[in-house]
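Participant: Below is the structure I would like to discuss, written out as structure tokens.
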Amino acid sequence: MCQSYGVADFCVTSERDADTAVLALEGELDFATLAQLRAAADVALDDRTVSVIVLDLRALRFLDSSGLGLWVELHDRAARCGKSLQLRAVPAATQRVLELGGLASLFHLV
Amino acid sequence: MSRSAWEPESPRSGFSAPDDDVAHRLHQLAEVTTELGWAETLAEVAEAAVGHFAEAIRAAVATLMVRSGDRLEMIAGHGLQRGITEMWGSFGIEHANPASEAAREGRVILLDDVAEIERRYPSLRGQMPQGRSLVNLPLGAGPHNVGAIGLTFEDGWLPGRRELAFLTTFAEACGQAIRRIRATAEATQQARQLAFLADASAELASSLDPTETLGRIARLAVPDLAEWCAVQVVRDGALTTVAVAHADPAKVEWAWELERRYPGDPDAPAGAHNVFRTGRSELYADIPDEMLVAGARDEEHLRLSRELHLRSAVIVPLAARGRILGVITLIRGEAGERFGPADLALAEDLARRAAVSMDNAQLHNAAQDVAVQLGRAVLPESLDDVPGWQIAVHYRPGGQAEVGGDFYDAVPTPEGGLAFFVGDVMGHGLVAAAAMAQMRAALRAYLSIDPEPSQVMTRMDAMFANLGIARLVSLLYGVIGPDGRVRLVNAGHHRPLVVGIDGSTRWITSVPQRPLGVGGDDRVVTECRVAADDVVLLFTDGLVERRDESIDTGLARLAEAASGLARSPGPGALDRLVTQVGLDGGEDDVTALTLRRAPG
């Protein structure tokens with residue numbers, strides 16, 4: 001199921017595997033599209049049966065600083081409610097953005 | 001006569017301090033300066049400026065005067081004798097007094113001889129007790145000046161070089177805060193208008209029933225602006241009433257009925273049709289009975305018109321790009337006040353917005369203006385001339401409706417070096433833009449206590465932790481000494497690029513550090529050296545980030561193009577570099593800054 005909010009460049013697909021919520025990000029995550037990720041993440045953060053939230057980045061083509069800011073916000077919120085946030089299949093370009101932004105050590109990369 | 005407040009050998013005075021108090025006093029002043037960065041109202045600025053600040057420096061009298069047109073208005077005073085506030089509540093910018101002079105000429109006024117003060121400013125005669133000294137600080141220079149701070153000290157104290165630097169920084173921060181508060185208020189107002197426009201445009205575009213949309217526009221005006229509002233638009237060449245709103249819903253039907261039975265005369269010399277024909281507004285402060293009589297078709301019409309108890313009316317055109325789309329009529333009944341010129345202006349504004357909302361093309365221009373306006377209010381367009389340094393800056397706020405959060409500055413250090421910073425508040429919108437102003441104010445305050453990077457970063461991290469700031473901010477902060485020694489901390493920002501005189505380029509690489517607002521990182525200071533003719537280039541995302549490529553590609557492109565800065569590091573070359581590598585009409589802020597020691 002792809003939860004598209006009418007913006008063509010970005011799409012979040014939510015899947016559930018036991019206590020893990022996998023949010024697959026596809027396309028360009030920026031200021032214009034981050035509300036979609038926030039909406040999908042809110043559902044997972046509110047769900048008490050979820051203990052791990054995975055952002056699957058295989059199909060992420062672009063990430064700007066506001067998207068990065070949202071990941072940090074989600075990381076903090078997950079930690080506060082006893083969940084963990086993981087980044088899966090981080091593309092090389094995203095890895096560079098994390099490194100240059102000094103945030104590679106903050107996230108749990110799988 | 002002048003003495004230093006923070007040196008232990010200074011004699012006892014209202015402003016002197018024992019040695020162990022010096023650090024505390026500096027901190028107190030830095031805190032007050034930082035406080036300004038967070039002030040959201042003029043009252044908070046006043047509290048910081050004449051309350052906390054005056055207390056920290058032990059001034060006998062402190063006043064804050066803010067410019068309003070060609071006058072200075074005293075908005076706060078501390079320690080004033082009775083009657084002074086009344087006498088100096090408001091005075092001309094051209095008047096011969098130290099505050100006007102400081103504001104007008106953008107310079108600090110220091111005087112410690114009462115006879116001299118009275119000679120220069122006869123209007124102060126008899127107002128200064130013997131032995132007093134006087135310090136007046138402009139709130140910003142040139143076109144950016146927004147007023148002055150006036151201080152007097154009981155024992156003739158005048159600030160030394162270091163203290164004066166601090167006082168000037170404080171006054172500038174005050175001016176910044178006032179400009180930011182004004183710009184934020186204006187930008188918020190504009191943003192509200194934009195939101196209205198965007199909503200209205202969306203409704204007009206999506207609604208299958210434009211009558212419903214115009215009805216909402218009519219209801220916006222009632223009851224705040226008028227008791228009764230009618231919207232008429234052109235339908236098949238004729239002016240047709242499409243919406244009526246009344247503070248008393250029962251009267252809405254009444255108004256429709258009147259309209260149906262007595263449609264307006266297209267050739268009437270006054271009223272809605274005339275406004276429609278001419279495009280000129282009409283204001284009727286009073287609607288005399290004779291006017292009703294003149295306009296009535298018959299006895300019944302006159303009776304119905306009288307029953308509406310009209311008092312005052314405004315009719316404005318719905319005009320967009322030279323076309324008259326319709327008219328809005330606003331009416332107040334007997335219970336209301338008369339319409340005046342201010343109401344007319346407001347009604348015209350409402351009509352303009354309603355009309356423009358049908359015209360999407362103008363939206364983006366207006367949104368861009370908000371970004372530019374706020375950016376200009378809080379960021380220096382060009383950096384001060386710093387002796388011994390060549391500094392160039394290029395700043396362009398982002399496009400669309402998204403105000404970005406880039407900030408930057410370069411400030412001389414007491415040792416003849418340069419403290420510099422470039423940062424980016426992640427995210428967009430007015431909140432990010434206000435945050436950038438806070439970052440700049442805090443950094444300037446902290447670096448004036450001690451520009452050492454580890455000190456400044458520790459204080460910034462503590463500020464984020466103490467205030468619970470959830471926003472992510474990348475920051476590159478550093479100091480270059482006159483000997484070319486660079487010490488910097490890079491908190492999640494782009495590395496600086498060094499361009500040698502031969503056109504070679506190299507990055508100043510440091511341990512990756514987390515942005516401000518994430519926490520849990522020890523700050524590591526990176527040290528290196530640059531040659532006398534090296535150019536140091538600082539920048540933000542907007543210069544190197546493109547959607548269709550890796551960030552490394554953008555960085556490599558910049559490094560290659562930047563070799564051109566080697567020979568001419570001035571603003572022209574920097575602008576060319578930005579044009580060469582930047583995105584045309586990109587949505588992000590673009591900031592680039594070059595620093596080089598001046599030759600000789």
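Participant: I'd like the full set of residues that are part of a loop (DSSP other than H, G, I, E, B) and in contact with a helix residue (DSSP H, G or I) (Cβ under 8 Å, 6 or more places away or on another chain), limited to region B:65-87. Break it down into steps so the answer makes sense when it comes.
Facilitator: As a first pass, look at region B:65-87 and keep what is part of a loop (DSSP other than H, G, I, E, B): B:69-70, B:79-83.
Residue satisfying the conditions is B:79 alone.
Participant: Only residues that are more than 14 Å from residue B:282 (Cα to Cα) and part of a helix (DSSP H, G or I): list them for region B:297-348, please.
Facilitator: B:299, B:300, B:301, B:302, B:303, B:304, B:305, B:306, B:307
Participant: Now for a different question. How many residues does region B:163-214 hold that are modelled with pLDDT of 75 or more and either over 30 Å from residue B:135 (Cα atoms) or of a type in the set (Ser, Thr, Tyr) (or both)?
Facilitator: Filtering region B:163-214 down to residues modelled with pLDDT of 75 or more leaves B:163-185.
Restricting the remaining residues to those that are either over 30 Å from residue B:135 (Cα atoms) or of a type in the set (Ser, Thr, Tyr) (or both) gives B:168-169, B:184-185.
Number satisfying all stated conditions: 4.
Participant: Looking at region A:56-110, which of its residues are of a type in the set (Ser, Thr, Tyr), at the interface with another protein chain (Cβ under 10 Å from one of its Cβ atoms) and surrounded by fewer than 21 Cβ atoms within 10 Å (Cβ to Cβ)?
Facilitator: Here is the first cut: in region A:56-110, the ones of a type in the set (Ser, Thr, Tyr) are A:65-66, A:84, A:94, A:105.
With the extra rule that they be at the interface with another protein chain (Cβ under 10 Å from one of its Cβ atoms), the set shrinks to A:65-66, A:94, A:105.
A:105 - this is the single residue of region A:56-110 that is of a type in the set (Ser, Thr, Tyr), at the interface with another protein chain (Cβ under 10 Å from one of its Cβ atoms) and surrounded by fewer than 21 Cβ atoms within 10 Å (Cβ to Cβ).
Participant: Is it the case that some residue within region B:571-584 is within 29 Å of the chain's Cα centre (by Cα) and within 14 Å of another protein chain (Cβ to nearest Cβ)?
Facilitator: Yes; the residues of region B:571-584 include at least one that is within 29 Å of the chain's Cα centre (by Cα) and within 14 Å of another protein chain (Cβ to nearest Cβ).
Participant: In addition: Please determine whether any residue of region B:563-584 is touching a Leu at 6+ places or on another chain (Cβ under 6 Å), more than 24 Å from residue A:101 (Cα to Cα) and at pLDDT below 90.
Facilitator: Looking for residues that are touching a Leu at 6+ places or on another chain (Cβ under 6 Å), more than 24 Å from residue A:101 (Cα to Cα) and at pLDDT below 90, one finds at least one in region B:563-584, hence yes.
Participant: Is there a residue in region A:31-40 that is among the hydrophobic types (A, V, I, L, M, F, W, C), buried (at least 16 other Cβ atoms within 10 Å of the Cβ), under 11 Å from the mean Cα position of the chain (by Cα) and within 11 Å of chain B (Cβ to nearest Cβ)?
Facilitator: Taking region A:31-40 first, the residues among the hydrophobic types (A, V, I, L, M, F, W, C) are A:31-32, A:34-35, A:37, A:39-40.
From the residues that got through so far, the ones that are buried (at least 16 other Cβ atoms within 10 Å of the Cβ) too are A:31-32, A:34, A:37, A:40.
Subsequent filtering for residues that are under 11 Å from the mean Cα position of the chain (by Cα) retains A:34, A:37, A:40.
Adding the requirement that they be within 11 Å of chain B (Cβ to nearest Cβ) leaves A:34.
Yes, some residue in region A:31-40 is among the hydrophobic types (A, V, I, L, M, F, W, C), buried (at least 16 other Cβ atoms within 10 Å of the Cβ), under 11 Å from the mean Cα position of the chain (by Cα) and within 11 Å of chain B (Cβ to nearest Cβ).
Participant: For the subset of region B:396-417 comprising residues that are within 18 Å of residue B:472 (Cα to Cα) and either aliphatic (A, V, I, L, M) or at pLDDT 85 or above (or both), which member is surrounded by the fewest Cβ atoms within 10 Å (Cβ to Cβ)?
Facilitator: Per the stated criteria, the residue is B:408.
Participant: Taking the condition polar (S, T, N, Q), more than 13 Å from chain B (Cβ to nearest Cβ) and exposed (fewer than 14 other Cβ atoms within 10 Å of the Cβ), does residue A:51 pass?
Facilitator: No.
Participant: Can I ask one more? Please find, among B:304, B:346, the residue that is over 16 Å from residue B:264 (Cα atoms) and in contact (Cβ under 8 Å) with a residue 40 or more places away in the chain. Please lay out each step first, then the result.
Facilitator: Working: B:304 fails: over 16 Å from residue B:264 (Cα atoms).
Only one candidate passes the filter, namely B:346.
Participant: Could you pull out the residue among B:59, B:115, B:54, B:43 that is loosely packed, with under 13 Cβ neighbours inside 10 Å, under 29 Å from residue B:463 (Cα atoms) and of a type outside the set (Val, Ile, Thr)? Quick ask: steps written out before the conclusion?
Facilitator: Values: B:59 fails: loosely packed, with under 13 Cβ neighbours inside 10 Å; B:115 fails: under 29 Å from residue B:463 (Cα atoms); B:54 fails: loosely packed, with under 13 Cβ neighbours inside 10 Å.
That would be B:43, the only listed residue that is loosely packed, with under 13 Cβ neighbours inside 10 Å, under 29 Å from residue B:463 (Cα atoms) and of a type outside the set (Val, Ile, Thr).
Participant: Just wondering, is there one or more residues in region B:579-586 that are on the phi > 0 side of the Ramachandran plot and without any contact (Cβ under 8 Å) to a residue 60 or more places away in the chain?
Facilitator: No, because not a single residue in region B:579-586 is on the phi > 0 side of the Ramachandran plot and without any contact (Cβ under 8 Å) to a residue 60 or more places away in the chain.
Participant: What tally of residues in region B:444-498 results from selecting those that are within 11 Å of chain A (Cβ to nearest Cβ), in contact with a helix residue (DSSP H, G or I) (Cβ under 6 Å, 6 or more places away or on another chain) and polar (S, T, N, Q)?
Facilitator: 0
Participant: Looking only at residues that are within 20 Å of residue B:318 (Cα to Cα) and more than 43 Å from the chain's Cα centre (by Cα) in region B:241-269, which one is surrounded by the most Cβ atoms within 10 Å (Cβ to Cβ)? Even if it seems obvious, please write down each step before you answer.
Facilitator: From region B:241-269, those within 20 Å of residue B:318 (Cα to Cα) are B:241-246, B:259, B:263-269; that's our starting set.
So of that shortlist, the ones also more than 43 Å from the chain's Cα centre (by Cα) come out as B:259, B:263-269.
On the way: B:259: 15, B:263: 14, B:264: 17, B:265: 13, B:266: 13, B:267: 8, B:268: 13, B:269: 8.
That would be B:264.
The values are calculated or read from the model by the stated rules, or taken from the named source; none is laboratory data. No experiment lies behind these values; they were computed from the predicted model shown. Please note: Cβ atoms are built from the backbone with ideal geometry, for glycine as well, and neighbour counts cover all protein chains shown.
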